[in-house]
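Single-structure report; data block below.
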Amino acid sequence: MYQLLTDSACDLPYQTLKDANVDFVSMHVDVDGVDHVDDLGETFKLDQLYAQIGQGVMPTTAQVNVGQFVDFFTPYVEANTPILYLGFSSGLSGTFSSAEQAKQILLEDHPKATIRLVDSLAAANGEGLMVLDAIDQQQAGKSLDELADWLEANRLRYRQWFTVDDLNYLYHGGRVSKTSATLGTLLNIKPVMDVDTDGHLRVVKKARSRQRSLQALADETLAAIAHDPKHRVLIATADASDAAEIVKKRILAKSPDTPITIGHIGAAIASHTGLGCVAVFSLDAKPRA
């Protein structure tokens, strides 16, 4: 048997990963000068982070470094346990590059170790949805290489749609210009974003109200799941549960058999989107372009 691994950017609940025997490595979040380990809610509580963001604090994040990955992988390598790591998009963080460097370091001393790394090209519950599907396929009997190959072949089928309520956080994180943030705020423009084929966040359209941006999330998701309406859909929000419920109801109104779970935007992503972010994650029949 092989060990499935991921990182805290997947934004799944700690207990979900524990129950499935999936280990994860934590990103770090600096909140007002204090370093926090993003352990998916085991000790670092998101409501506390949201409260600080609501008070105007703009957290910063740090990628998982090479040393952390060496420490993370080593117990499995020394136990001769093959590992499959599904990681945060290389287009949004240097974390995956750190994993690649750690792999090379470990193979120098353990040349027979099996270490397979898969770049999800996804963020938040986009990565999390892939982890859940990987758990299902591992439990169904897929070998390590079969699962890794499937993930690489299908990763662009995972659709990820985001909208935010405050453009200043995207400006702070370098995602939009100061001019775009200022004009967007004045005109009440809400960007509708997805993740491109290189794993970068991009603005696809601009809605002229919050309600229209939420409708766009529902519409895009309905188009994606038309081929398989019974595959799970994840909705995540940063302190905007009412907005998430609106999206859920609009999806269920046209696709009542779709299983939908509402969760949270985790620390790493919320630090760059601010409060009010709503995101929807699903599996499409065709890859994103």
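Please verify whether Thr74 is open to solvent by less than 50 Å² (accessible area, probe 1.4 Å), under 23 Å from the mean Cα position of the chain (by Cα) and not hydrophobic (A, V, I, L, M, F, W, C), treating the condition exactly as stated.
Judged against the criteria, Thr74 is not a match.
So Leu17 ticks every box in (1) open to solvent by 20 Å² or more (accessible area, probe 1.4 Å); (2) of a type outside the set (Ser, Thr, Tyr); (3) within 16 Å of the chain's Cα centre (by Cα) but one. Which box is left unticked?
Result: Leu17 passes all but (1).
Take the residues in region 227-252 that are part of a loop (DSSP other than H, G, I, E, B) and within 18 Å of Asp166 (Cβ to Cβ); name whichever of them is most open to solvent (accessible area, probe 1.4 Å).
Here the answer is Asp239.
Conditions (1) open to solvent by 20 Å² or more (accessible area, probe 1.4 Å); (2) among the aliphatic types (A, V, I, L, M); (3) over 20 Å from Ser271 (Cβ atoms), marked per residue:
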site: Phe24; (1), (2), (3): yes, no, no
site: Val31; (1), (2), (3): no, yes, no
site: Val34; (1), (2), (3): yes, yes, no
site: Leu49; (1), (2), (3): no, yes, no
site: Gly67; (1), (2), (3): yes, no, yes
site: Gly87; (1), (2), (3): no, no, no
site: Asp109; (1), (2), (3): yes, no, yes
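Being open to solvent by 30 Å² or more (accessible area, probe 1.4 Å) and either part of a loop (DSSP other than H, G, I, E, B) or closer than 30 Å to Asp30 by Cβ (or both) is true for just one of Asp198, Asp219, Asp194. Which residue is that?
That would be Asp198, the only listed residue that is open to solvent by 30 Å² or more (accessible area, probe 1.4 Å) and either part of a loop (DSSP other than H, G, I, E, B) or closer than 30 Å to Asp30 by Cβ (or both).
Please go through (1) open to solvent by less than 10 Å² (accessible area, probe 1.4 Å); (2) in contact with a strand residue (DSSP E or B) (Cβ under 6 Å, 6 or more places away or on another chain); (3) in a helix (DSSP H, G or I) for Ser98 and return the number of the only condition it doesn't satisfy.
The failed condition is (2).
State all residues of region 8-34 that are of a type outside the set (A, V, I, L, M) and farther than 20 Å from His272 by Cα; if no residue qualifies, say none.
Answer for region 8-34, where residues must be of a type outside the set (A, V, I, L, M) and farther than 20 Å from His272 by Cα: Tyr14, Gln15, Thr16, Lys18, Asp19, Asn21, Asp23, Phe24.
Look at Gln55 and say whether it is more than 21 Å from the chain's Cα centre (by Cα) and closer than 28 Å to Thr197 by Cα.
The answer is no for Gln55.
What number of residues within region 253-286 satisfy the criterion of being in contact (Cβ under 8 Å) with a residue 60 or more places away in the chain, outside any strand (DSSP E or B) and either of a type outside the set (A, V, I, L, M, F, W, C) or open to solvent by 40 Å² or more (accessible area, probe 1.4 Å) (or both)?
Looking only at that region, the number is 10.
Going through Leu121, Leu151, Leu117 one at a time, which residue ends up being aliphatic (A, V, I, L, M), surrounded by 24 or more Cβ atoms within 10 Å (Cβ to Cβ) and under 22 Å from the mean Cα position of the chain (by Cα)?
Leu121
For Leu107, state whether it is among the hydrophobic types (A, V, I, L, M, F, W, C) and farther than 28 Å from Phe281 by Cβ.
Yes: the conditions hold for Leu107.
The values are calculated or read from the model by the stated rules, or taken from the named source; none is laboratory data. For clarity, every value in this text was computed on a predicted model and none was experimentally measured. Because the Cβ atoms are built from the backbone with ideal geometry, glycine has one as well, and the counts that use them run over all protein chains shown. Side chains included, ligands, DNA and RNA excluded: accessible areas come from the protein's heavy atoms. Shrake-Rupley method; radii C 1.70, N 1.55, O 1.52, S 1.80 Å.
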